[in-house]
Each structure stands twice: as C-alpha cells, then as structure tokens.
Amino acid sequence: MTTGPTGDWGSVVHHVGQGQTLGPEVLGQLVRGDVSVVVLRDLLPRETFDSHCQRIKGQFARATTTRYVNGALTTIGPYLARFLPDPEPYFREAEQTHDLFRELGFDLSTRVRGRLKETLGLRAFEPAREPDGRPYAECIVRIHADGVRNPLHNDNIMRDAASLGMKVSQLRHQLSCVVCLQECDAGGELYHYRKKWNPEDEAFKIKGGLGYDEGVVQGHACNVFKPRTGDVYLLNPTYYHAIERVGGADRLTLAFFIGLPNETLDEAVVWS
C-alpha cells in the first residue's frame, strides 16, 4: 500500500511486508527530486527495532560529541565528513565500531540493507571499500537529546572528497537511509528543502559552525516529515535539510548513505 503525493515535493509512504517489491524506480524518484522522502513501513518486525534500540542504549557512554558554535553532533560510530581531508582515522574507527557492533549482536544495518536490497530489486548492495580493501563504516547511530537540533546543511561526498580520490567520491548519486529507533516526544521533524547546493551558497556558510544560514533556502519548497519508531526512510541529502529541536525523549536513529555508481540504479554501496 502506498500513500502520499506523487510527482510532488512531499513524503510518499509504502507499507512493505515480507516479499513485497517496489523496484529501483523509488531511488530514481529521489535522485531526480520528484519526491522529498520515501517512507518504508513494516520493513522489519517492530520487535527487531525495539531490541536493537535497547542494545545500543547500553552503549551511550561510548558516544562521541562533536561541538560547533551552533550545535553538536552526538554519534556512535564515525561519519566520514568529520575526518576530511584526513580520512585515515575514520577507517580505524570504522573497524573499531564494526567490532563493537558484532560483540553486541547489533546487526540492524545488515538486516535493513538485506530488506532494502530485496524491496528495491538491487543486484548488489554492500558496504563500500577502498581499492586496498579497507571497508567504510556501515552505519552510524545518531543521538538527538532534549534541546538538540541539527542545523541546515547538505551532504555531497562527491564534492567534499573530490580531491582525495576516494572510492565514494567517484559515485554518480548519493542518497540517505535513516532508521528511526526511537521517536522523540516533541520536535525532531526533518525539514527538507527543494534546493541543492551551489558555490554561491558559501556566502551563507556559518563561520566556525555547522551548515548554512536559513536564508540560503528562502523561497524554496519545504517538506516537513516527523518519523515514527520503526520507520525506515530515504531522502536525497544533496538537498538542504535540517532536524528541528528535540523535546522530551531522545530521538535515536541509525543512518547510512547509499551510493549509486551508475544510472541503472540497480547496484549500490553504503557508508557513514
């Protein structure tokens, strides 16, 4: 069952039980900017999300907080953008996180990826690797505590790592997959704007901070989406987006980027 707008900047919801397929055209809609968010519900049983949520909550002491003048990012696991232009520590942390998740039996990213491969009809869907075999991190867990918001920004590894010759910098398209482990009581909405970055936008960059002044998206369509526990949703992160301030319970998500190497959209890699 599918609900929501088609051909419009909004959220489309698919209820995908075991064995249901949508095909790679779903990815095409996001690549082209036909829709803002694709929500997949019932991708996995609710108890799978709940059990993994409890496992990761026991590891909050291992979380890393990166502070900026206008916000902070608290994560378990590394995200590549934090380490550029020197990615070597990223690969070390990726290996450490992989070992930690294996010890915990925290394999939610593998389960989600398997179901996405089936649902989207992908012939290959694995973690990215450098030519020398080093694996990228498979996912990251994001912790938005009470009072935390994620400032306006965009993600484009093909731009940000262009000078480094990394495998992911050679991709054609970048998408995001976010798994909602725990919804917050108030706030926490995704604000997703129908505007991609261009070089002139650097005039709006927040000096010493994270992201851009909101004037950069003035006049552009905005889709607002509030995830529910168990939602798996896809978006194109090369369009500007932000997370509204969280109230009450933590907003807990697992996330990874999806990289598409060609226009057939039938194979992909993941990293965080």
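A few remarks follow.
- Extreme residue, nearest to Ala255 (Cα to Cα), among residues of the range 62-98 that are in contact with a helix residue (DSSP H, G or I) (Cβ under 7 Å, 6 or more places away or on another chain) and among the aliphatic types (A, V, I, L, M): Ile76
- Selection within the range 85-95 - within 20 Å of the chain's Cα centre (by Cα) and surrounded by fewer than 16 Cβ atoms within 10 Å (Cβ to Cβ): Glu95
- Residues satisfying the stated conditions in the range 56-74, i.e. more than 18 Å from Asp146 (Cβ to Cβ), of a type in the set (Gly, Ala, Ser) and surrounded by 14 or more Cβ atoms within 10 Å (Cβ to Cβ): none
- Taking the criterion of being part of a loop (DSSP other than H, G, I, E, B) and among the hydrophobic types (A, V, I, L, M, F, W, C), the residues of the range 5-50 that qualify are Trp9, Val16, Leu22, Val35, Leu43, Leu44.
- Within the range 246-254, one or more residues are part of a strand (DSSP E or B), within 28 Å of Asp107 (Cα to Cα) and polar (S, T, N, Q).
- Qualifying residues in the range 196-223 (those that are free of Cβ contacts under 8 Å to residues at least 40 places away in the same chain and either among the acidic types (Asp, Glu) or touching a Cys at 6+ places or on another chain (Cβ under 7 Å) (or both)) - the one surrounded by the most Cβ atoms within 10 Å (Cβ to Cβ): Asp201
- Within the range 142-149, not a single residue is among the acidic types (Asp, Glu) and under 17 Å from the mean Cα position of the chain (by Cα).
- Any chance Ile140 is among the hydrophobic types (A, V, I, L, M, F, W, C), touching a Phe, Trp or Tyr at 6+ places or on another chain (Cβ under 9 Å) and within 23 Å of Asn236 (Cβ to Cβ): yes
- Residues within the range 7-21 that are buried (at least 18 other Cβ atoms within 10 Å of the Cβ), under 21 Å from Glu267 (Cα atoms) and out of contact with any Lys or Arg (no Cβ under 8 Å at 6 or more places or on another chain), tallied: 0
- Index of the failed condition, Pro78 passing every other in (1) in a loop (DSSP other than H, G, I, E, B); (2) more than 29 Å from Asp132 (Cβ to Cβ): (2)
- Conditions (1) at pLDDT 95 or above; (2) polar (S, T, N, Q); (3) surrounded by fewer than 16 Cβ atoms within 10 Å (Cβ to Cβ): number failed by Ser163: (1)
- The listed residue being among the acidic types (Asp, Glu) and assigned to a loop (DSSP other than H, G, I, E, B), out of Glu263, Glu200: Glu263
- Listed by position, the helices (runs of 4 or more DSSP H) inside the range 83-195 whose residues that are touching a residue at least 40 places away in the same chain (Cβ under 8 Å) number at least 3 are 88-104, 108-120.
The values are calculated or read from the model by the stated rules, or taken from the named source; none is laboratory data. Note that the structure is predicted; figures quoted are calculated from it, not measured. Heads up, the Cβs are rebuilt from the backbone with ideal geometry, glycines too, and the neighbour counts pull from every protein chain shown.
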